[in-house]
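The values are calculated or read from the model by the stated rules, or taken from the named source; none is laboratory data. None of these values were measured; they are calculated from a predicted model. Here the Cβ positions follow ideal geometry from the backbone for every residue, glycine too, while neighbour counts run over all protein chains shown. Remember, those area values only see protein heavy atoms, side chains included, never the ligands or the DNA or RNA. Shrake-Rupley method; radii C 1.70, N 1.55, O 1.52, S 1.80 Å.
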Amino acid sequence: MAEALSPQTELEIEQLLQRYPTRSAALVPVLHAVQRELGHLTPQTLLQVAKRLNLPPAQVYSVSTFYTLFNRRPVGKYHVQVCVSISCALVGSHRLISMLEEKLETRLGETSEDGLFTLSEVECLASCGSGPMMQVNDKYYENLHTSEALDKVLAPMLAERSAMASKG
(Lines give C-alpha, C1' and ligand atoms only; values in the text may rest on other atoms or scores of the structure.)
Protein backbone atom coordinates (compact mmCIF):
# COMPACT_ATOMS: atom_id res chain seq x y z
CA MET A 1 0.00 0.00 0.00
CA ALA A 2 1.07 3.63 -0.30
CA GLU A 3 1.35 3.50 3.46
CA ALA A 4 2.46 0.27 5.08
CA LEU A 5 -0.42 -1.70 6.51
CA SER A 6 -0.26 -3.52 9.80
CA PRO A 7 0.18 -7.30 9.78
CA GLN A 8 -3.41 -7.59 11.04
CA THR A 9 -4.80 -5.70 8.04
CA GLU A 10 -2.57 -7.66 5.65
CA LEU A 11 -3.93 -10.88 7.15
CA GLU A 12 -7.50 -9.59 6.89
CA ILE A 13 -6.97 -8.83 3.19
CA GLU A 14 -5.58 -12.31 2.58
CA GLN A 15 -8.58 -13.84 4.33
CA LEU A 16 -10.95 -11.69 2.28
CA LEU A 17 -9.30 -12.78 -0.95
CA GLN A 18 -9.79 -16.41 0.03
CA ARG A 19 -13.40 -15.85 1.06
CA TYR A 20 -14.68 -14.21 -2.12
CA PRO A 21 -15.01 -16.02 -5.45
CA THR A 22 -13.27 -13.24 -7.40
CA ARG A 23 -10.90 -10.42 -6.58
CA SER A 24 -13.48 -7.99 -7.89
CA ALA A 25 -16.02 -9.30 -5.38
CA ALA A 26 -13.50 -8.66 -2.57
CA LEU A 27 -12.90 -5.05 -3.60
CA VAL A 28 -15.38 -3.31 -1.29
CA PRO A 29 -14.37 -5.33 1.81
CA VAL A 30 -10.68 -4.75 1.02
CA LEU A 31 -11.28 -1.00 0.68
CA HIS A 32 -13.07 -1.07 4.04
CA ALA A 33 -10.11 -2.84 5.67
CA VAL A 34 -7.62 -0.35 4.24
CA GLN A 35 -9.73 2.65 5.22
CA ARG A 36 -10.22 1.33 8.76
CA GLU A 37 -6.48 1.37 9.20
CA LEU A 38 -5.48 4.48 7.27
CA GLY A 39 -8.58 6.61 7.83
CA HIS A 40 -9.04 7.50 4.17
CA LEU A 41 -8.15 6.29 0.67
CA THR A 42 -5.57 8.27 -1.29
CA PRO A 43 -5.01 7.94 -5.05
CA GLN A 44 -1.74 6.13 -4.25
CA THR A 45 -3.53 3.72 -1.93
CA LEU A 46 -6.14 3.00 -4.60
CA LEU A 47 -3.40 2.20 -7.09
CA GLN A 48 -1.83 -0.20 -4.62
CA VAL A 49 -5.20 -1.90 -4.03
CA ALA A 50 -5.63 -2.23 -7.80
CA LYS A 51 -2.21 -3.88 -8.09
CA ARG A 52 -2.84 -6.14 -5.11
CA LEU A 53 -6.17 -7.33 -6.50
CA ASN A 54 -5.01 -7.32 -10.12
CA LEU A 55 -7.88 -5.03 -11.08
CA PRO A 56 -7.91 -2.01 -13.40
CA PRO A 57 -7.18 1.18 -11.43
CA ALA A 58 -10.28 2.77 -13.00
CA GLN A 59 -12.46 0.06 -11.46
CA VAL A 60 -10.99 0.57 -8.00
CA TYR A 61 -11.29 4.35 -8.32
CA SER A 62 -14.90 4.17 -9.56
CA VAL A 63 -15.98 1.93 -6.67
CA SER A 64 -14.20 4.11 -4.10
CA THR A 65 -15.82 7.29 -5.42
CA PHE A 66 -19.30 5.84 -5.95
CA TYR A 67 -19.90 4.90 -2.32
CA THR A 68 -20.10 7.75 0.18
CA LEU A 69 -18.76 5.44 2.89
CA PHE A 70 -15.25 5.75 1.48
CA ASN A 71 -13.30 8.84 2.48
CA ARG A 72 -10.93 10.29 -0.07
CA ARG A 73 -9.49 12.79 2.38
CA PRO A 74 -8.85 12.73 6.13
CA VAL A 75 -11.90 13.00 8.33
CA GLY A 76 -12.39 13.67 12.02
CA LYS A 77 -12.70 11.00 14.65
CA TYR A 78 -16.46 11.32 14.20
CA HIS A 79 -17.58 11.49 10.59
CA VAL A 80 -21.11 12.91 10.70
CA GLN A 81 -22.98 12.28 7.46
CA VAL A 82 -26.45 13.76 7.01
CA CYS A 83 -28.88 12.34 4.48
CA VAL A 84 -30.14 15.05 2.12
CA SER A 85 -32.23 12.89 -0.22
CA ILE A 86 -35.70 14.18 -1.00
CA SER A 87 -37.34 12.20 1.82
CA CYS A 88 -35.00 13.59 4.47
CA ALA A 89 -34.97 17.07 2.95
CA LEU A 90 -38.76 17.24 3.18
CA VAL A 91 -38.66 16.49 6.92
CA GLY A 92 -35.79 18.79 7.86
CA SER A 93 -32.33 17.53 6.92
CA HIS A 94 -31.14 21.05 6.09
CA ARG A 95 -32.29 22.26 9.52
CA LEU A 96 -30.41 19.30 11.01
CA ILE A 97 -27.26 20.39 9.16
CA SER A 98 -27.63 23.93 10.55
CA MET A 99 -27.99 22.57 14.09
CA LEU A 100 -24.94 20.34 13.59
CA GLU A 101 -22.83 23.21 12.26
CA GLU A 102 -23.59 25.16 15.41
CA LYS A 103 -23.16 22.29 17.89
CA LEU A 104 -20.04 20.81 16.26
CA GLU A 105 -18.48 24.20 15.56
CA THR A 106 -17.73 23.37 11.95
CA ARG A 107 -19.23 23.94 8.52
CA LEU A 108 -20.61 21.42 6.06
CA GLY A 109 -17.75 19.79 4.17
CA GLU A 110 -15.18 20.69 6.82
CA THR A 111 -13.50 19.22 9.89
CA SER A 112 -13.64 20.97 13.26
CA GLU A 113 -10.47 22.65 14.48
CA ASP A 114 -10.02 20.04 17.20
CA GLY A 115 -10.15 17.26 14.59
CA LEU A 116 -13.08 15.51 16.25
CA PHE A 117 -15.86 16.15 13.73
CA THR A 118 -16.20 16.12 9.97
CA LEU A 119 -19.64 17.14 8.69
CA SER A 120 -20.76 15.81 5.29
CA GLU A 121 -23.95 15.44 3.37
CA VAL A 122 -24.82 12.21 1.57
CA GLU A 123 -27.54 11.47 -0.89
CA CYS A 124 -29.19 8.49 0.78
CA LEU A 125 -28.76 6.47 3.95
CA ALA A 126 -31.69 4.14 3.13
CA SER A 127 -33.98 5.21 5.95
CA CYS A 128 -36.61 7.18 4.09
CA GLY A 129 -39.37 6.63 6.63
CA SER A 130 -37.40 7.86 9.63
CA GLY A 131 -35.72 11.06 8.58
CA PRO A 132 -34.13 13.36 9.09
CA MET A 133 -31.28 11.07 9.87
CA MET A 134 -27.54 10.91 10.02
CA GLN A 135 -24.75 8.41 10.28
CA VAL A 136 -21.82 8.90 12.65
CA ASN A 137 -19.02 6.58 11.59
CA ASP A 138 -20.89 3.25 11.33
CA LYS A 139 -23.93 4.05 13.48
CA TYR A 140 -27.28 5.38 12.29
CA TYR A 141 -29.45 7.93 14.12
CA GLU A 142 -33.00 8.54 12.96
CA ASN A 143 -35.92 10.92 13.65
CA LEU A 144 -33.67 13.86 14.49
CA HIS A 145 -36.44 16.45 14.31
CA THR A 146 -35.50 18.38 17.44
CA SER A 147 -32.46 19.89 19.03
CA GLU A 148 -33.13 17.70 22.09
CA ALA A 149 -33.02 14.50 20.03
CA LEU A 150 -29.76 15.63 18.47
CA ASP A 151 -28.30 16.59 21.86
CA LYS A 152 -28.87 13.03 23.13
CA VAL A 153 -26.88 11.63 20.22
CA LEU A 154 -24.07 14.16 20.47
CA ALA A 155 -23.72 14.21 24.27
CA PRO A 156 -20.94 11.58 24.57
CA MET A 157 -19.01 13.05 21.64
CA LEU A 158 -19.25 16.60 22.93
CA ALA A 159 -18.25 15.37 26.40
CA GLU A 160 -15.08 14.07 24.80
CA ARG A 161 -14.47 17.54 23.36
CA SER A 162 -14.97 19.11 26.79
CA ALA A 163 -12.56 16.64 28.39
CA MET A 164 -9.94 17.40 25.73
CA ALA A 165 -10.35 21.14 26.30
CA SER A 166 -9.95 20.83 30.06
CA LYS A 167 -6.71 18.83 29.61
CA GLY A 168 -5.30 21.21 27.02
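One table, with the values for the structure above:
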read-out: Matching entry among L11, L55, L47 (being farther than 30 Å from L104 by Cα and in contact with a Ser or Thr (Cβ under 9 Å, 6 or more places away or on another chain)); value: L55
read-out: Candidate set from the range 20-53 (those that are of a type in the set (S, T, N, Q) and in a helix (DSSP H, G or I)); member that is least open to solvent (accessible area, probe 1.4 Å); value: T45
read-out: Test: K103 is in contact with a helix residue (DSSP H, G or I) (Cβ under 9 Å, 6 or more places away or on another chain), under 21 Å from L154 (Cβ atoms) and assigned to a helix (DSSP H, G or I); value: yes
read-out: Any hit, the range 1-19, residues being among the basic types (K, R) and either at pLDDT 95 or above or open to solvent by less than 90 Å² (accessible area, probe 1.4 Å) (or both); value: yes
read-out: Matching residues, the range 56-90, being hydroxyl-bearing (S, T, Y) and either modelled with pLDDT of 90 or more or in contact with a His (Cβ under 6 Å, 6 or more places away or on another chain) (or both); value: Y61, S62, S64, T65, Y78, S85, S87
read-out: Meets criteria (among the aliphatic types (A, V, I, L, M), buried (at least 18 other Cβ atoms within 10 Å of the Cβ), in a helix (DSSP H, G or I) and within 19 Å of the chain's Cα centre (by Cα)) for I97; value: yes
read-out: Subset of the range 82-94 that is among the β-branched types (V, I, T) and outside any helix (DSSP H, G or I) - its residue that is most open to solvent (accessible area, probe 1.4 Å); value: V91
read-out: Residue within the range 70-79 that is assigned to a strand (DSSP E or B) and out of contact with any Phe, Trp or Tyr (no Cβ under 7 Å at 6 or more places or on another chain) present; value: yes
read-out: Filtered residues of the range 125-152 (kept if at pLDDT 95 or above, of a type in the set (A, V, I, L, M, F, W, C) and over 17 Å from the mean Cα position of the chain (by Cα)); value: L144, A149, L150
read-out: The range 82-111 - residue that is touching a Pro at 6+ places or on another chain (Cβ under 6 Å) and among the hydrophobic types (A, V, I, L, M, F, W, C) and, of those, farthest from S147 (Cα to Cα); value: C88
read-out: Failed criterion for V60 (all others in (1) surrounded by 19 or more Cβ atoms within 10 Å (Cβ to Cβ); (2) over 18 Å from the mean Cα position of the chain (by Cα); (3) not small (G, A, S); (4) not in a loop (DSSP other than H, G, I, E, B) hold); value: (2)
read-out: Residue, nearest to V84 (Cα to Cα), within the range 109-131, restricted to residues that are surrounded by 15 or more Cβ atoms within 10 Å (Cβ to Cβ) and of a type in the set (A, V, I, L, M); value: V122
read-out: Extreme residue, nearest to N71 (Cα to Cα), among residues of the range 132-168 that are among the β-branched types (V, I, T) and open to solvent by less than 30 Å² (accessible area, probe 1.4 Å); value: V136
